[in-house]
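Right, one structure below, let's go through it.
What follows is calculated from the coordinates using simple rules that are stated; it is not laboratory data. Note that this is a predicted model, so its numbers are computed, not measured. Methodologically, a virtual Cβ is constructed for each residue, glycine included, from the backbone with ideal geometry; neighbour enumeration extends over all protein chains shown.
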Amino acid sequence: MIELKPVTKHNYMTVVDLKVHPHQEDFIASNWLSLLEASYEEDKYPFAIYQEGTVVGFLMCSYYPADDAYPIDSWWLERLMIDKAHQKKGIGKEALKRFLNEFKPDENVSEIRIGADPKNEWAIKLYESFGFKQEGMVEDENVYVGDWKAE
């Protein structure tokens, strides 16, 4: 069973120690940097992904008001990673499903956006399997938009 739990002083070092495969490192920021951002920037929500009591991944969503980089007030799933030892077991898919069904910050929010490196075929396939559609590009990443609820 997959659970999402907030990152706290009790699990943050385990989250920091999670790693992706070397060929995936350019696709996602390191977890320590993400946690640092969450400590100093508003509206960032980091979660540890647990499978049967073991931390196996990391997820972080954020809210951004409209600006020059992106003209829409929007929620983003900024990070989704599964430790290299736990990949290819369906954990990422289950974690994304749980996130989309359980974490909805506001009843008026109907969409969430995700950025993906165009070379990150695994992530793109995952997001599209949830009905996310490519909306454009921001800072060299494809932007996908989807609904908060996952079937």
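So for the chain, Kirkwood radius off the Cα pairs, Stokes-Einstein at 20 °C and 1.002 mPa s: how many µm² s⁻¹?
Working: Rh = 15.6 Å.
So the translational diffusion coefficient is about 137 µm²/s.
Roughly how big is the chain's charge dipole about its Cα centre, with Cβ charges of +1 (Lys, Arg) and -1 (Asp, Glu), in debye to the nearest 20? Spell out each step's value before the answer.
Numbers: 17 positive and 28 negative charges, 171 e Å.
Here the size comes out at about 820 debye.
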